[in-house]
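First the structure, in the form of structure tokens, and then the observations on it.
The values are calculated or read from the model by the stated rules, or taken from the named source; none is laboratory data. Computed from a prediction, not measured in an experiment: that's the story for all the values here. Positions of Cβ are generated from backbone atoms using ideal geometry, with glycine treated the same way; all protein chains shown enter the neighbour counts.
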Amino acid sequence: MPTPSWRRPRPDRSAALDQYRRRAGIYDLELALLEPVRRQAVAWLAPRQGDTVLDIGCGTGLSLELLHSAVGARGKIIGIEQSPEMIERAHERVRQMGWRNVTLLCAPVEDARIRGQADAALLHFTHDILQSEAALENVISHLRPDATVVASGLKWAPPWAVPVNLFVLPAALHSVSSLSGLQRPWQHLARWVDHLDVRRRLGGGVFIVRGHVQRPS
Ligand SMILES: C[S@@+](CC[C@H](N)C(=O)[O-])C[C@H]1O[C@@H](n2cnc3c(N)ncnc32)[C@H](O)[C@@H]1O
């Protein structure tokens, strides 16, 4: 009998792969209501023309169009995603749009071979990745000092906001492999990213944080 996600102390790769194997076909539809949060997250990341941006846990590539229009043809986007079913849809999107400056790596972020140093990283609704220090370490080591990092996703609302948490609980059970860390999902990022600015959305059930990678002292 597999351990349920609410009992797992940390993310579990095979559970996550199972989850997204099942969801890949309907994922874009499921996320439609949360598109305004994606737009806010990318707007806050504010990539510039010519920048290199990492789209961490890029899924089916729903952020690619926004990122691509920001960085332009001179920029670069590197998407990293461990689910073959999810990344296949991202590949299809890239083929259809004819983008030549998008590289997609099918790998766990912890082990992904990222080339060079990027200017910014987006982690949109990637709770499992935010709870993996090994994944964050790999991402941060491929960002230049002062690079911008934006992360967003589900979080517990305050306990009295019961209706909000009644939305967060099923959404989290559906999309993360461990519920641990939902109090402050950005807590591990704070190790590498200075002055995290935390914004709460949807009654506190969703967060967006932004900060800059610490410069070496
Ligand atoms: C909720 S989806 C978000 C997808 C995308 N960021 C978006 O905005 O639609 C979370 C994604 O993270 C991926 N993921 C989870 N853990 C991962 C890991 N350790 N390495 C790479 N991808 C991972 C899942 O396969 C899934 O596609």
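Pairs are defined by a Cβ separation below 9 Å, a sequence spacing of at least 6 or placement on different chains, a first member in the range 101-126 that is over 18 Å from Ala151 (Cβ atoms), and a second member that is part of a loop (DSSP other than H, G, I, E, B) and charged (D, E, K, R); the pairs so defined are Asn101/Arg74; Thr103/Arg115; Leu105/Arg113; Ala107/Arg113. Name the single residue that is farthest from Arg7 (Cα to Cα) among those in the range 166-200 being charged (D, E, K, R) and modelled with pLDDT of 95 or more. This residue is Asp197. Of all residue pairs spaced 6 or more apart or on separate chains, those with beta-carbon atoms under 7 Å, a first member in the range 49-64 that is among the β-branched types (Val, Ile, Thr) and a second member that is away from the ligand (no atom under 13 Å from the Cβ) and in a strand (DSSP E or B) are Thr52/Lys76; Thr52/Ala118; Thr52/Asp119; Val53/Ala118; Val53/Asp119; Val53/Ala120. Of the helices (runs of 4 or more DSSP H) contained entirely in the range 4-67, those carrying at least 2 residues that are among the aliphatic types (A, V, I, L, M) fall at 13-23, 35-45.
Can you name the residue in the range 49-74 that is farther than 26 Å from Ser177 by Cβ and in contact with a Pro (Cβ under 7 Å, 6 or more places away or on another chain) and, of all such residues, is nearest to the ligand (Cβ to nearest atom)? It comes out as Ala70.
Rundown of residues vs (1) under 17 Å from Ala90 (Cα atoms); (2) crowded, with 21+ Cβ neighbours inside 10 Å; (3) not hydroxyl-bearing (Ser, Thr, Tyr), yes/no style:
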{"residue": "Arg8", "(1), (2), (3)": "no, no, yes"}
{"residue": "Leu17", "(1), (2), (3)": "yes, no, yes"}
{"residue": "Arg22", "(1), (2), (3)": "yes, no, yes"}
{"residue": "Ile26", "(1), (2), (3)": "yes, no, yes"}
{"residue": "Glu30", "(1), (2), (3)": "yes, no, yes"}
{"residue": "Pro36", "(1), (2), (3)": "no, no, yes"}
{"residue": "Ala43", "(1), (2), (3)": "no, no, yes"}
{"residue": "Asp51", "(1), (2), (3)": "no, yes, yes"}
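All of (1) touching a strand residue (DSSP E or B) at 6+ places or on another chain (Cβ under 6 Å); (2) on the phi > 0 side of the Ramachandran plot; (3) assigned to a loop (DSSP other than H, G, I, E, B) hold for Ala112 with one exception: (2).
Here's a check for you: in the range 90-106, which residue that is part of a loop (DSSP other than H, G, I, E, B) and surrounded by 15 or more Cβ atoms within 10 Å (Cβ to Cβ) is nearest to the ligand (Cβ to nearest atom)?
Within the range 90-106, the first condition is being part of a loop (DSSP other than H, G, I, E, B), and the residues that meet it are 98-101.
Adding the requirement that they be surrounded by 15 or more Cβ atoms within 10 Å (Cβ to Cβ) leaves 99, 101.
Details: Trp99: 17, Asn101: 19 Å.
This residue is Trp99.
For Ala46, the test of being on the phi > 0 side of the Ramachandran plot and of a type in the set (Gly, Ala, Ser) is passed.
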